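Undergrad: First the structure, which I've put down as C-alpha cells, then a few questions once you've had a look.
The values are calculated or read from the model by the stated rules, or taken from the named source; none is laboratory data. What you see is a predicted model; the values in this text were computed from it and never measured. Cβ coordinates were reconstructed from backbone atoms using ideal geometry, including for glycine residues, and neighbour counts include every protein chain displayed.
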Amino acid sequence: MCRPDRTADQGLAAPASSATASVLPTGRAYLGMFDKSTWIRLPRNVVVGHGVLDDAAAAVEELRLHGDPLVVTSPTPAKVAGDRVVAGLSDAGFDPRVVRIEEATFAAVEEVIEIAASDDVGYLVGVGGGKVIDVAKMAGEDVGKGFVSVPTAASHDGIVSGRASIPEGDTRHSVAAEPPLAVVADTEILADAPWELTTAGCADIISNFTAVRDWELAHRLKNVGYHEYAGALSRMTAEMLVENADSIRPELEESAWIVTKALVSSGVAMSIAGSSRPASGAEHLISHQLDRIAPDPALHGHQVGVASIMTEYLHSGPKGQWQDIRNALASIDAPTTAEELGIDDETIVEALTTAHEIRDRYTILGDGMSEAAAREAASVTGVI
C-alpha cells in the first residue's frame, strides 16, 4: 500500500561526515563533487478565509486535473460542507461521486480505494475532520491519485501534511503519503466546529516545541538528518500561536484563522523536511501509546499537548520551559492534567515508560524511562 516514511531531507541536512580535501593545481581546496538533492512536495493552492468553501471548485479547476472527483466525507461533515462542495463541483461541470464513511478504519480505506481505482475518478476530495481526510489521503496514495483537503475542523495538522494515521485495534498506523494538492479551509465553518476540536489543534501545534527539541537531540546523538529551515518554521509556528493565545476563543472566526494558518505552516514544515520530525517527537509517541492502552483515549491534540509538558521537563529540568507550555495550553482551555484528559495516573506512567517501543525514532525518552523517573516527571509537572 503506502510507501514507508521518508527520511529527513539529507540534501539540506547538516553534514555528518568529514570529506577528504585535495588541492587543485590552483591551490584551492576541493571537497569532492556536490551531489545533494531534495524534492519538496507542497500544496499548490491553499485557500483560507471566510466563505472560501464556495471557491472549492475554482481551486480544483485551477489544478487542471483529469477525470472527475471522488468526494470522501462522513454524515455530519456532509451536512456542514460536503453537500455544498458536491454541488459546487457539479455546477462547475464535474461529475462527482460521493462515498460516506462512518469511521476511520482500514476497512473504510479499502472501500474508498475500490471506488477510487475506477478509471473515471481522477482525484479525491476529503471533506471532514482529520479522520476523513486521512482516509482520503491514504486511499489516494494507494491508487496514485492526488487529493484535495477540505477540513471542517482545525483539530490537527494532518489537514495539510503528507502523513496519514489510521487506528487498528489497540494501535495506530502512521504512514507517509502525498500532501494535498490543494487545501480549502473555510474559517466560518471551522469556527462553528466543537471548541474542543479547535483547542486540540492548538495543542498539537504547541507540542511542536518539544518535537523540534527531540529532532535536534537525535541529530546530535544519533546523526539523524536535521533540516534547519523546517525546524525553525515549526518552532516559529508554535511561538506565534502562543503569542496569539489571548485571541483564541470559542466561536470567533479570528481564532479559526489563527489556528488554521498555524496548521498549514506546520504541515509545510513537514513537507520541507520530508518527514514528520518537525511536528512529532516523544510527545507523539506517548500519545500513540495512550491510544493503545487507555480505556478511553482523549483527542490526539490534547494528548500530545499534555505529553509535551512532561517531555519539555525531561529536556530542560524543573526550572525549564515546561511551565510555559502548561500555561499556554491552559490559556486556550486545553487539558494540562491526566484528570482533564480523562485518563488515570497509572496509565500515564505506563505510557511514559513504554512509549519508546512504538517506533524506531530517537527522542528524549531514549531506550526507556524507569517507572520512578516517569512518576517524578508526571508529578513535578502536575500532570498526575
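Undergrad: Going residue by residue through the stretch 61-70, is there one that turns out to be closer than 27 Å to Ser118 by Cβ, surrounded by 16 or more Cβ atoms within 10 Å (Cβ to Cβ) and under 22 Å from the mean Cα position of the chain (by Cα)?
TA: No, the stretch 61-70 contains no residue that is closer than 27 Å to Ser118 by Cβ, surrounded by 16 or more Cβ atoms within 10 Å (Cβ to Cβ) and under 22 Å from the mean Cα position of the chain (by Cα).
Undergrad: Return a yes/no flag: does the stretch 306-317 have any residue that is over 20 Å from Tyr362 (Cβ atoms), in contact with a Gly (Cβ under 7 Å, 6 or more places away or on another chain) and assigned by TED's automatic domain parsing to the domain that holds Asp214.
TA: Looking for residues that are over 20 Å from Tyr362 (Cβ atoms), in contact with a Gly (Cβ under 7 Å, 6 or more places away or on another chain) and assigned by TED's automatic domain parsing to the domain that holds Asp214, one finds none in the stretch 306-317, hence no.
Undergrad: Right, here's the next one. I need the full set of residues from the stretch 205-264 which are more than 26 Å from Thr187 (Cβ to Cβ), surrounded by fewer than 21 Cβ atoms within 10 Å (Cβ to Cβ) and among the polar types (S, T, N, Q), in order please.
TA: Matches in the stretch 205-264: Asn223 only.
Undergrad: Among the numbered criteria (1) among the aliphatic types (A, V, I, L, M); (2) surrounded by fewer than 24 Cβ atoms within 10 Å (Cβ to Cβ); (3) more than 15 Å from the chain's Cα centre (by Cα); (4) within 27 Å of Ala191 (Cα to Cα), which single criterion is violated by Leu299?
TA: For Leu299, the exception is condition (3).
Undergrad: Name the residues in the stretch 95-132 that are outside any loop (DSSP other than H, G, I, E, B), in contact with a Leu (Cβ under 8 Å, 6 or more places away or on another chain) and not basic (Lys, Arg), would you?
TA: Here is the first cut: in the stretch 95-132, the residues outside any loop (DSSP other than H, G, I, E, B) are 97-100, 106-116, 121-128, 130-132.
Right, trim to in contact with a Leu (Cβ under 8 Å, 6 or more places away or on another chain) and you get 97-99, 112, 115-116, 121-125.
Across the stretch 95-132, the qualifying residues are Val98, Val99, Val112, Ile115, Ala116, Val121, Gly122, Tyr123, Leu124, Val125.
Undergrad: Looking only at the stretch 339-348, which residues are crowded, with 23+ Cβ neighbours inside 10 Å and either at positive phi or assigned to a helix (DSSP H, G or I) (or both)? Can you show your working first?
TA: Kept after step one, since they are crowded, with 23+ Cβ neighbours inside 10 Å, are these residues of the stretch 339-348: 341, 343, 348.
Result: Leu341, Ile348.
Undergrad: State all residues of the stretch 173-192 that are part of a helix (DSSP H, G or I) and surrounded by 19 or more Cβ atoms within 10 Å (Cβ to Cβ); if no residue qualifies, say none. Reasoning before the result, please.
TA: From the stretch 173-192, those part of a helix (DSSP H, G or I) are 187-191; that's our starting set.
Result: Thr187, Ile189, Leu190, Ala191.
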